[in-house]
Amino acid sequence: MEGYYSNPQYKSINFILDVFSSDIFEIITWIRRPVVGAVDYLRSMHKLYNIQNELNQILNLEYNTREKLLDALTDIVSMNIHEEDLGEIEKRLELKLSDLKEFDETFKRLKTITKKLDSHQRYEVNRLALIKLNGRISSIREEIKSKIWDKNENASQLLVLDQMFFLIQELIREGIKKVDDIDIWIMLSITLLRIESFHRGKITFEDLQDDVSELRFFHVKQEIIPKNYNAVFEVLEA
């Protein structure tokens with residue numbers, strides 16, 4: 001895929017991200033539309049049959065189609081939101097949306113499905129999706145920990161990645177308690193896509209370290225999400 005490469009300098013991190021690339025794609029999908037992560041909950045409501053085909057259109061995308069989606073989304077979150085003007089960011093986001101047109105119908109149908117759920121059902125879908133998401137992240141962290149002690153791996157790199165996934169898990173735990181907190185959903189979406197952006201060589205390792213610091217600051221200070229992050233999140237929602 002154009003724009004995607006693996007920097008040998010970060011082989012320890014890239015090994016993990018390569019091995020779990022499909023899992024990370026599904027994690028990102030869960031965050032964008034939580035119903036995907038809680039489909040089994042809908043089984044008990046006799047709604048599963050009606051939505052399974054819609055969900056499969058996302059989870060079972062052909063490789064090239066999946067790569068096109070991730071390439072567009074990682075382009076969006078790779079913009080320097082702290083230095084670029086919000087108006088300029090919005091213009092660039094609008095241009096990038098044209099790369100996602102082929103996915104419009106699928107996501108519109110999923111949105112329609114979600115709207116059919118009542119407030120309690122939506123709450124449960126979101127909560128259960130986060131619980132399952134936490135399990136996926138735990139599996140990734142277990143693999144990171146097993147590699148840290150390998151003398152052939154770069155432990156300092158892996159510690160940065162583990163710290164990022166640890167902070168994501170902390171966000172998830174907060175999200176389970178505050179399911180309707182939009183700031184938490186924004187940070188989860190952006191952070192996961194930033195990891196994939198690094199994987200694709202669109203941001204630097206130093207950017208990734210800055211993201212860890214920003215995520216830690218968000219936890220400690222409970223700061224409101226930067227305005228430019230909201231602009232990016234609105235495009236992802238679109």
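Highest mean packing first, where packing is the average number of other Cβ atoms within 10 Å per residue, the peptides 187-196, 10-19 line up as 187-196, 10-19. Cross-linked pairs 145/177; 108/145; 11/68; 68/132: Cα-Cα separations exceed 30 Å for 108/145.
Please order 186, 148 by the number of other Cβ within 10 Å, starting at the fewest.
Numbers: 186 20, 148 17.
If I rank by nearby Cβ atoms, fewest first, I get 148, 186.
Each of the peptides 157-163, 63-69 was scored by the mean count of other Cβ atoms within 10 Å over its residues; in descending order, highest first, they stand as 157-163, 63-69.
Gain on full extension, evaluated as 0.36 nm per residue between residue 64 and residue 11 minus their Cα-Cα distance, stands at 16.7 nm. In plain terms, the residue of 30, 149 with the fewest other Cβ atoms within 10 Å comes first and the most crowded comes last, giving 149, 30. Computed extension length for residue 207-residue 177: 7.9 nm, one decimal, from 0.36 nm per residue of separation with the Cα-Cα distance subtracted.
Any read-out appearing in this document is the output of simple, stated calculations on the displayed coordinates, not a laboratory observation. Given the structure is predicted, the values throughout are model-derived calculations rather than measurements. Because the Cβ atoms are built from the backbone with ideal geometry, glycine has one as well, and the counts that use them run over all protein chains shown.
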